[in-house]
Amino acid sequence: MIAYLKGVLANVEEENIIVEVNGIGYNVRVNGRTIGMLPGIGSEMKIYTYTSVREDAVSLVGFLTKDDLAMFKLLITVSGIGPKGALAVLSVLDADGLRFAILSGDAKAIAKAPGVGGKTAERVIIDLKDKVSIEDTFVEKESALYEAGGQGTGEVIKEAVEALTALGYASSDALKAVKQVENAEQMEVEQLLKQALKKLF
């Protein structure tokens, strides 16, 4: 169906935006986190979409990154999580945060989403644990940097995480620690490793 819309942000409502493309206004369901990252009304924008089809309605659900959209598509494969629930989860966690929660078994973080209880959060972890990996984070970040015309910087972060994992730390904990280091992308691996270790103590 519609992979993405590229046009002008015409209007913003509580859980809905209108994107005008060639004179046609498209209603797109979004969550609060997405609304918080939108440009001003009248600005050019691009939003990645999923077409939700129900017996009584067809609607577009949108995200500003392909990574969030990919995680949304994974979430709706989980029993008990529909488009509304998946949107709610991604309103409290971005794609990376959700991966960390799944890989570290942090059901409480997922259950912070409105309407998502503890049992459903545990089901998300059980169903998706084998479908996400730390590697996904690096691939998506490199892709986003490439799209933006930037240089790939994930290799240094990846090496630091691998080194921490070799030292016995869980991969999710290692990546969290590395992400907490300011200007990690500009550091040498050894320097980044030292700073990340401080975060783990």
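The values are calculated or read from the model by the stated rules, or taken from the named source; none is laboratory data. Note that this is a predicted model, so its numbers are computed, not measured. Every residue, glycine among them, receives a Cβ derived from its backbone with ideal geometry; neighbour counts consider all protein chains shown.
Among the residues in the stretch 56-74, are any among the hydrophobic types (A, V, I, L, M, F, W, C), over 29 Å from LYS131 (Cα atoms) and free of Cβ contacts under 8 Å to residues at least 60 places away in the same chain?
yes
Can you name every residue in the stretch 110-124 that is assigned to a helix (DSSP H, G or I), crowded, with 18+ Cβ neighbours inside 10 Å and in contact with a helix residue (DSSP H, G or I) (Cβ under 6 Å, 6 or more places away or on another chain)?
Hits for the stretch 110-124 are ILE110, ALA111, ALA121, VAL124.
Here are some residues: SER91, SER52, SER43, SER79. Which one is in contact with an Asp or Glu (Cβ under 8 Å, 6 or more places away or on another chain) and small (Gly, Ala, Ser)? Outline the logic, then answer.
Numbers: SER91 fails: in contact with an Asp or Glu (Cβ under 8 Å, 6 or more places away or on another chain); SER52 fails: in contact with an Asp or Glu (Cβ under 8 Å, 6 or more places away or on another chain); SER43 fails: in contact with an Asp or Glu (Cβ under 8 Å, 6 or more places away or on another chain).
SER79 is the lone residue from the list that is in contact with an Asp or Glu (Cβ under 8 Å, 6 or more places away or on another chain) and small (Gly, Ala, Ser).
For the stretch 54-75, indicate whether the set of residues that are β-branched (Val, Ile, Thr) and modelled with pLDDT of 95 or more is non-empty.
Scanning the stretch 54-75, I find at least one residue that is β-branched (Val, Ile, Thr) and modelled with pLDDT of 95 or more, so the answer is yes.
Would you point out the residue of the stretch 162-193, among those that are outside any loop (DSSP other than H, G, I, E, B), free of Cβ contacts under 8 Å to residues at least 60 places away in the same chain and polar (S, T, N, Q), that is surrounded by the fewest Cβ atoms within 10 Å (Cβ to Cβ)?
Top of the filtered list is GLN186.
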